[in-house]
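The structure appears below as structure tokens.
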């Protein structure tokens, strides 16, 4: 499938899972960094519906550390529930240490206790994805619903973007009827991500070494599946 997906822009992404500081302390640290990070966008809520194949193929590929893997999600901003305008289908592709993303606009839909998988799959296969992968995508199933708040920062040389994700919540999502009013699974950790072009990896080492937190392997999708499927 990967050879059918042409990613024009590859980049590195370093993640830092922080449990000893709150997001305000982390923000202060980032703003005092010698790279001179400044906020470039207002804080907003990001929502995702993840889809996976039967057997949770994407989840297990991440667990075993497969070098080439794919995550499929529908992303939107603002309120999680109600009428969703301008949702985006995102195919997040991992190729070794590099990551890329393809995005396709979807038709609007509503998210409440009833969300029909067949309707969502129809939107996906009509979204402009390559024809050769449409048969594979028709087999997708809902696997996870999550949300979090994100703040955005950019270094003074405009080469490095840092985001702070907090208030992460995970919901189980089924293919027909759901009980989203039930209490979600919450994570109290804050996730910092630094993203940059592949030719800047050497300089990125210098920047990340000045953070007071350590580079950590992290996947919200993996964490959410573990929590909602009672794997932890």
* Name the single residue, out of those in the range 79-89 being surrounded by fewer than 19 Cβ atoms within 10 Å (Cβ to Cβ) and modelled with pLDDT under 95, that is farthest from residue 125 (Cα to Cα). => 79
* Asked: Exactly one of (1) more than 19 Å from the chain's Cα centre (by Cα); (2) loosely packed, with under 13 Cβ neighbours inside 10 Å; (3) at pLDDT 95 or above is unmet by residue 54. Its number?
  -> (3)
* To do: Within the range 94-118, track down each residue that is closer than 30 Å to residue 65 by Cβ and either within 15 Å of the chain's Cα centre (by Cα) or part of a strand (DSSP E or B) (or both).
  => 94, 95, 98, 99, 100, 101, 102, 103, 104
* Within the range 125-139, can you find the residues that are touching a residue at least 40 places away in the same chain (Cβ under 8 Å) and crowded, with 17+ Cβ neighbours inside 10 Å? -> 129, 137
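Matching residues to (1) out of contact with any strand residue (DSSP E or B) (no Cβ under 8 Å at 6 or more places or on another chain); (2) under 27 Å from residue 154 (Cβ atoms); (3) surrounded by 15 or more Cβ atoms within 10 Å (Cβ to Cβ); (4) in contact (Cβ under 8 Å) with a residue 24 or more places away in the chain:
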{"position": "27", "(1), (2), (3), (4)": "no, yes, yes, yes"}
{"position": "36", "(1), (2), (3), (4)": "yes, yes, no, yes"}
{"position": "66", "(1), (2), (3), (4)": "yes, no, no, no"}
{"position": "72", "(1), (2), (3), (4)": "no, no, yes, yes"}
* To do: Give, as residue ranges, the strands (runs of 3 or more DSSP E) completely inside the range 147-232 that count at least 2 residues that are farther than 23 Å from residue 27 by Cα and touching a residue at least 12 places away in the same chain (Cβ under 8 Å).
  => 161-171
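The values are calculated or read from the model by the stated rules, or taken from the named source; none is laboratory data. Here the structure is a predicted model, which means the values were calculated and not measured. With ideal geometry, Cβ positions are generated from the backbone for all residues, glycine too; neighbour counts draw on all protein chains shown.
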